[in-house]
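No value in this document is a laboratory result; all are computed from the given coordinates. What you are looking at is a predicted structure, and each value in this text was computed from that prediction instead of being measured. Cβ placement follows ideal geometry from the backbone for every residue including glycine, while neighbour counts extend to all protein chains displayed.
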Amino acid sequence: MQSGSGVVSEELAEQLRRAARTAAGERLRSLTYFTDEAHEQVYLRSDLDADANLSAFVARARDGFDADDAYRGSELGEYRYTIRRFEHGCVVRVTVRETGAIATAEGLTVERGEEIASALDSVLASEAALKA
């Protein structure tokens, strides 16, 4: 699994940062773009250390690629995103086709988590449509 620069274009990284920062504001802690093969952290709030184990988070986030198949035909509808709450913050995971984004933030309401998910989904879906 590859990690680091070059995984995501600077243009897409900026669109993801803008979308997440608009939705989360100063509560946004980090933002990571990922594919099935690689990942790249595209934002880290300046007061945080860059020592988090991104590979572990990304490995778990890739489960979202299987969610479409796992939940297909559910009476709940199509899988859209996942919000996980932790003691000191939340993780919002969004996947669109073979790409995804993980945003971490602190002090989120469910509504704010949904706003982040919707914003990231919009950017990833637009990018996927361009590649189609």
I'm a student and want to see the number: the projected area of the Cα convex hull of segment 70-132, averaged over all directions, in nm².
5.0
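Distances over 17 Å make up what percent of all Cα-Cα pairs in segment 2-103? Don't skip to the answer; put the middle values down first.
Numbers: 2718 of 5151 pairs.
Above the 17 Å cut-off, segment 2-103 has 53 percent of its Cα pairs.
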Relative contact order (percent, whole number), the chain, Cα cutoff 8 Å, 6+ residue spacing:
28
Listed highest first by mean packing, meaning other Cβ atoms within 10 Å per residue, what order do 108-119, 25-36 come in?
25-36, 108-119
